[in-house]
Amino acid sequence: MKKEGKFVGKFATLHHFFGYEGRCAAPSNFDADYCYALGTSAAQLIANGKTGYMAIVKNTTAPADQWIAGGVPITMMMNMERRAGEMKPVIRKALVELDGAPFKEFAAHREEWARKTAYIYPGPIQYWGPSEVCDRPTKTLALEQAK
């Protein structure tokens with residue numbers, strides 16, 4: 001357009017990495033309930049002067065009204081690791097556990113899934129409707145907690 005005299009402004013490209021956006025999906029009812037419960041738990045920790053704690057929610061494969069909110073001292077998650085030649089307290093990296101139930105489920109179906117489409121959406125696909133459709137925990141969470 002510039003060569004044709006139709007554009008006289010300046011143009012510069014702007015790059016953006018869409019990796020995280022590309023791997024995520026719209027939040028489910030489970031996601032919304034979980035975040036609400038975490039926020040409420042965090043507010044209670046703050047209101048009660050519990051600094052150095054991380055808000056948690058347990059029993060998340062049960063219906064939301066049976067979840068258990070609370071807090072865990074950050075120090076409970078610390079491990080000592082050698083970094084740059086010195087022992088330092090760090091939170092252990094969360095890697096795929098090859099002996100965990102989610103990976104074992106994948107490994108058991110790997111060949112079959114490689115040959116055909118067997119996609120399962122990892123969470124609920126809608127906000128309104130029967131609770132067994134809309135409020136289910138993710139497949140990974142259910143496998144991790146063996147429910």
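The values are calculated or read from the model by the stated rules, or taken from the named source; none is laboratory data. Because the structure is predicted, anything quoted here is derived from the model rather than measured. Positions of Cβ are generated from backbone atoms using ideal geometry, with glycine treated the same way; all protein chains shown enter the neighbour counts. The protein model used for the area step is the full one, side chains on, heavy atoms only, and it has no ligands, DNA or RNA in it. Shrake-Rupley method; radii C 1.70, N 1.55, O 1.52, S 1.80 Å.
Data overview
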{"read-out": "The chain, accessible area per residue, ligands and nucleic acids excluded (1.4 Å, Å²)", "value": "83"}
{"read-out": "Descending semi-axes in whole angstrom, ellipsoid equivalent of the chain, from the Cα gyration tensor", "value": "35, 27, 23"}
{"read-out": "Global geometry of the range 42-88, whether rounded, prolate or oblate, following the gyration tensor of its Cα atoms and the 1.5 cut on a/c", "value": "oblate"}
{"read-out": "Crossing angle, helix 29-47 versus the chain [Cα axis fit, 0-90 degrees, rounded to tens]", "value": "60"}
{"read-out": "Relative contact order %, the chain, counting alpha carbon pairs below 8 Å whose residues are six or more apart", "value": "22"}
{"read-out": "Accessible surface of the range 1-99 [probe 1.4 Å, protein heavy atoms]: carbon and sulfur percent", "value": "61"}
{"read-out": "For the chain, built as a Gaussian network whose Cα springs stay under 10 Å, the top-fluctuating residue of GLY85, GLY49, GLY129", "value": "GLY85"}
{"read-out": "Linear extension gain, ALA146 paired with TRP67, 0.36 nm per residue minus alpha-carbon span", "value": "26.8 nm"}
{"read-out": "Candidate lysines for bridging to LYS10, where Cα separation is under 25 Å - those fewer than 8 sequence places away on the same chain excluded", "value": "LYS2"}
{"read-out": "Using θ = phi - 60° and Karplus 6.51 cos²θ - 1.76 cosθ + 1.60, couplings along the range 78-87 (whole Hz; Gly, Pro as x)", "value": "7, 10, 8, 9, 7, 10, 6, x, 10, 6"}
{"read-out": "Label point distance in nm, CYS134-GLU4, each placed 7 Å from Cα along Cα→Cβ", "value": "5.1"}
